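Below is one structure, written out as structure tokens; comments come after it.
The values are calculated or read from the model by the stated rules, or taken from the named source; none is laboratory data. Just so you know, these numbers come straight off a predicted model, no measurement behind them. Methodologically, a virtual Cβ is constructed for each residue, glycine included, from the backbone with ideal geometry; neighbour enumeration extends over all protein chains shown. Remember, those area values only see protein heavy atoms, side chains included, never the ligands or the DNA or RNA. Shrake-Rupley method; radii C 1.70, N 1.55, O 1.52, S 1.80 Å.
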Amino acid sequence: MKRKLFFGILVLGAASMLCGFDSAQTAESVMEKMQENTASMENMTSEFDMNFDVSVAIGDGSTTTTIQALATADLDIAATLDPLATSVTGTFGVSALGTAENIAMQVYMVTEGDDLSAYIYTEDSSYQEAGEGDWQYGTAEDLGVDLDLDSLLEMSSSYDYDDMTEWGLTFELSPEAADYNGTECYLLSMVIDSSNFTTILDKAEELTGEDLAEDAGVDDETMEMVLELLDGLKIKVEYYVDTATYLPVGMHIDLNDTDMTSINAFVSELIGAYFDSEDSDSTTTIEIILNDASMDYSLSYDDAVEITVPQEALDAVASGEAENLGDLDEYDYDEDYDDDYDYDYDDADEDPGADTASA
């Protein structure tokens, strides 16, 4: 499902005309001007940074131990509409418990004939040397995704302010100009919380024509539990729109105002039940603290963009070295993993677990 959604996400908007901050503008008028000019945008480049800094405090009633975890991303993104193509290059990093792991990646999604093809390179520092990563390749057809690119682009450019309101997305316009890297901007902001999250899910299912929860293997009871856990969710979204061009030049998203009470209660009950069963006098508590959970985009439309798939990616596909994304989707992790790693204790001298148990 993740790969299907990956193919379905593409295209960003922008605008053009006017000069200087106009206090008579409204959120709706700014959004409409952006929408009107989206059709004229041929390409876009973006720098994306993510920071997810979390602390986990584990207490037993007398002492508390805090574990720090950090996830980061630093990506360069480029996109063109004619032909439709996208490239993403950069790194993801994860560190916790004194260990660190970095994943370098390259993603190229390009139009080939009437289909959309993806070339994906990943290089994991935990077990691969520089330049020794793996290529994967697949098309929308390989994944069983029926994409009408023209309809997709037409649909993405047709959404207006009223459509967004139906999705539960309500924008507010700051009464004063905002500065973004030296550019005078209109600041549009909105908050996604538990009250409109369900509406967004319903609209997404209506748009895709699929039951996203069912497609992901999530039953109704689990989905209800997930929605309860997201009761304190607050996603703040800010758009910085150039007052001279009506182009969005920056975007900030964070979850820092999210109330973690429901999630902490659930995790404490789940993990605490295990530890407390081992020691009836123990009372284990778990608290997840969001130090910072944010993403920032800076966008530019001035540079000529040419997206070319590297020759090494084409060679990996031609030689059969690149894994096919369609084949990966067919892997059954419940059954195939057990088959791949099944250990027949009858053929062994003894169950290796016996030594552990008797040690």
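Which one of these does residue 265 not meet: (1) open to solvent by 40 Å² or more (accessible area, probe 1.4 Å); (2) at pLDDT below 80?
The failed condition is (2).
All but one of (1) within 29 Å of residue 306 (Cα to Cα); (2) at pLDDT 90 or above; (3) exposed (fewer than 14 other Cβ atoms within 10 Å of the Cβ) hold for residue 66; state the number of the condition that does not hold.
(1)
Of all the residues that make up segment 59-116, how many are under 20 Å from the mean Cα position of the chain (by Cα), among the polar types (S, T, N, Q) and under 22 Å from residue 44 (Cα atoms)?
5
So, residue 273, is that one part of a helix (DSSP H, G or I), of a type in the set (A, V, I, L, M) and modelled with pLDDT of 50 or more or not?
The answer is yes for residue 273.
State all residues of segment 280-326 that are open to solvent by 30 Å² or more (accessible area, probe 1.4 Å), farther than 24 Å from residue 76 by Cα and of a type in the set (Gly, Ala, Ser); if no residue qualifies, say none.
The answer is 280, 318, 319, 320.
So, of the residues in segment 128-143 that are in a loop (DSSP other than H, G, I, E, B) and open to solvent by 40 Å² or more (accessible area, probe 1.4 Å), which turns out to be farthest from residue 111 (Cα to Cα)?
Checked segment 128-143; the qualifying residue farthest from residue 111 (Cα to Cα) is 129.
Taking the residues in segment 221-255 that are under 23 Å from the mean Cα position of the chain (by Cα) and open to solvent by 60 Å² or more (accessible area, probe 1.4 Å) as candidates, determine which candidate is farthest from residue 198 (Cα to Cα).
Per the stated criteria, the residue is 236.
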